[in-house]
Amino acid sequence: MGSRASLLLRQEEIEEIQRETGFSHNQITRLYSRFTSLDKGQNGALSREDLLRIPELAINPLGERVVQLFFLEGEDEQVNFRQYMRTLARFRPVDPNQKNNKDGVNSRDKKLEFAFRMYDLDQDSRISRDELLQVLRMMVGVNISEEQLGSIADRTILEADTDGDQRISFEEFSKAMERSEVEQKMSVRFLD
Amino acid sequence: MAILINSAVFLWGFSVFPFIVSFTTVIIPALSSLGLCKVYIDCLEWAFEFATNRIQQHDSRQDLNGNRGEQLPDNNIDALKDKNSVAMIQEEERTTLKKVRSFGTLRREFELSDCYHFCRQGIEAIADDSVTKCFSAAELPSWNLLTRTNTHYEFVSMRLTILWVIGFLFRYCCLLPMRFILFVVSVNIFLMTTAAIGLMPNSRYKRHVSKYVSLMCYRILARAFSAVVTYHNKENRAKGGGICVANHTSPIDVIILACDACYAMVGQVHGGFTGMIQRAMSRSEAHIWFQRSEVKDRQAVSNRLKEHVSDPDKLPILIFPEGTCINNTSVMMFKKGSFEVGGAIYPVAIKYDARFGDAFWNSSKYNMIQYLLLMMTSWAIVCDVWYLPPMHRKEGEAAVEFANRVKHEIAQKGGLVDLLWDGQLKRMTVKEDFKKEQQKEYSKLLKVE
């Protein structure tokens, strides 16, 4: 529980994570507590089942996609604490005081990249019509027919695709999302 | 085997019986009426304050080196106090999906940015969620000098460590043996007296005696855990022919409620020690024990409850509708079974002060014996019990709505969060239907040809 968790997280590790992700000391220890409470097997890493056990995530239509994006970074079936923090760090709010945040871990670009990867199922840096259809199906369930979904997908690709290859690349995606207020909407305020 | 152990303990207990009985029934109440309890609690509070200050100083020294980017200007303690009611993430207005009315229809076109909403909700749920929190002990605003609640297991200061060592010795060498003796004594008294009462013929006198004996036994048992309970609104106590419902945090809830009034218990028949206690209880009063096979049959359960409730001479039934132990920060879904039976419902709210000992039983982490040991080595079990006025089911009200209404009252009185989630999520996965609901809601927003 509480005491075991902090015993396993050394000061140097906390400082490294602080440098890498920008979370404060308290936020890191708090999230470490959370990490260990999710880790039912007590083996220092989370599996997909550990994450999908959270009821509010299990009922999220895109819950499985979000979980999948945690697993992109490291070895396939386990997420350790560093990877966990790196992914969560994407959602830190953008600090208005920091002018040059272009390369930060929670920059606008990184947030857009996360959203892009939600759609890009095979990770080939292009969103194809099929992939878009699959994600749309996840979001609407059985409530919209195949043809209607198809026309939504076609229209979306038509609007975003500028180089005519019938797929959406990351640049096209960024351009289309210019006015989508990504910094506000893809940010979570972590309490200290 | 159980009989052998019990008789050995019994004989030992018998030999020191007079001493212990006088100790428990005369000296301790005398001490507590002298305000010993209050003094004890005040000392503990002072120690907790001291511990918190030390830790705070230590932390602020640490953070001077660290990143000051998002430090909240508030005092850490205030932020911590709100921790259990406010999530780890500040709940801003939940970004609802943009609802732009398009000409002609009330829907809007799909946009690629629609996934933001689900991403954000997903990440929020991963960083903190309101359900899994309920199944582990709540964090405390200040350290209470028990290792089990320590999240700052670093060497903070010499004085603090000394205080902790003193506390440790006191708890394990002074309190634990005393409490254990009390526990054994009370169980023995209970077994003897219920056997004696069982031999009496059924009459009003028998019920009278049984009531006093049961109160006495439970009170001694409560002393075994150093339970300091404050009862509010005693005029609303449950009467015969009614059902008493309460929020469930630990098995000790039963002892705490039974110290003040007598109830008929409901439960599954067990073997071994628990079974022996159950049989002993049934000798003096009518309780409802179900066979395993009967538990599955909801109609049978309902019938037996109705039968008991229709007899005003029998004691009110005590039921915990959540069905499982929750960590005392929230109240989870009440199962509707007990609300279909009819009769008056007497709600009771129980709120523990976790500083002196967190009574929550995390059954996936500790078994019963470990849990009892933890309870006996805490400082004390301090709690408030509020008796709420009786509630009846309204005309045409569904059992589920009635259950929610009662739950809401209990949550409000006890200062607990009212959740709609099912406590069984501790062990099982959530139903697909909820996801389908979300998908349906989202699809309603989209404009389709």
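The values are calculated or read from the model by the stated rules, or taken from the named source; none is laboratory data. What you are looking at is a predicted structure, and each value in this text was computed from that prediction instead of being measured. Positions of Cβ are backbone-derived with ideal geometry, glycine not excepted, and every protein chain shown enters the neighbour counts. Side chains included, ligands, DNA and RNA excluded: accessible areas come from the protein's heavy atoms. Shrake-Rupley method; radii C 1.70, N 1.55, O 1.52, S 1.80 Å.
Right, A:Ser180: of a type outside the set (D, E, K, R), more than 7 Å from chain B (Cβ to nearest Cβ) and within 30 Å of A:Gln18 (Cα to Cα) or not? Taking the combined requirement at face value, the residue does not satisfy it. Here B:Met368 fulfils each of the conditions (1) more than 24 Å from B:Ala224 (Cβ to Cβ); (2) open to solvent by 60 Å² or more (accessible area, probe 1.4 Å) apart from (1). Please go through segment B:388-408 and give me each residue that is touching a strand residue (DSSP E or B) at 6+ places or on another chain (Cβ under 6 Å) and crowded, with 16+ Cβ neighbours inside 10 Å, ordered by number. Those that are touching a strand residue (DSSP E or B) at 6+ places or on another chain (Cβ under 6 Å) and crowded, with 16+ Cβ neighbours inside 10 Å: B:Leu388, B:Pro390, B:Met391, B:Val406, B:Lys407. The residues of segment A:8-28 that are in contact (Cβ under 8 Å) with a residue 24 or more places away in the chain, at the interface with chain B (Cβ under 8 Å from one of its Cβ atoms) and in a helix (DSSP H, G or I), listed by number, are A:Asn26, A:Gln27. Within segment B:423-449, the set of residues being more than 9 Å from every other protein chain (Cβ to nearest Cβ) and open to solvent by less than 40 Å² (accessible area, probe 1.4 Å) comprises B:Gly423, B:Leu445. Looking at A:Asp130, A:Asp95, A:Asp154, just one residue is open to solvent by 10 Å² or more (accessible area, probe 1.4 Å) and over 25 Å from B:Leu445 (Cα atoms), and that residue is A:Asp95.
A quick yes/no check of all residues on (1) of a type in the set (Phe, Trp, Tyr); (2) under 23 Å from A:Glu178 (Cα atoms); (3) surrounded by fewer than 16 Cβ atoms within 10 Å (Cβ to Cβ):
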site	(1), (2), (3)
A:Glu56	no, no, no
A:Arg86	no, no, no
A:Val142	no, no, yes
A:Leu149	no, no, no
A:Leu158	no, yes, yes
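The set of residues from segment B:288-319 being in contact with a Phe, Trp or Tyr (Cβ under 9 Å, 6 or more places away or on another chain) and buried (at least 18 other Cβ atoms within 10 Å of the Cβ) comprises B:Val301, B:Leu315, B:Pro316, B:Ile317, B:Leu318. Name the residue that is farthest from the chain's Cα centre (by Cα), counting only residues in segment A:160-179 that are of a type in the set (Asp, Glu) and surrounded by 15 or more Cβ atoms within 10 Å (Cβ to Cβ). Per the criteria, the residue is A:Asp161. Sub-9 Å Cβ pairs linking a first residue in segment B:125-138 that is within 14 Å of B:Val417 (Cβ to Cβ) and more than 7 Å from chain A (Cβ to nearest Cβ) to a second residue that is among the charged types (D, E, K, R) and in a loop (DSSP other than H, G, I, E, B), at least 6 apart or interchain, are B:Ala138/B:Asp358, ordered by first then second residue. Among the residues of segment A:106-159, not one is at the interface with another protein chain (Cβ under 9 Å from one of its Cβ atoms), among the acidic types (Asp, Glu) and touching a residue at least 60 places away in the same chain (Cβ under 8 Å).
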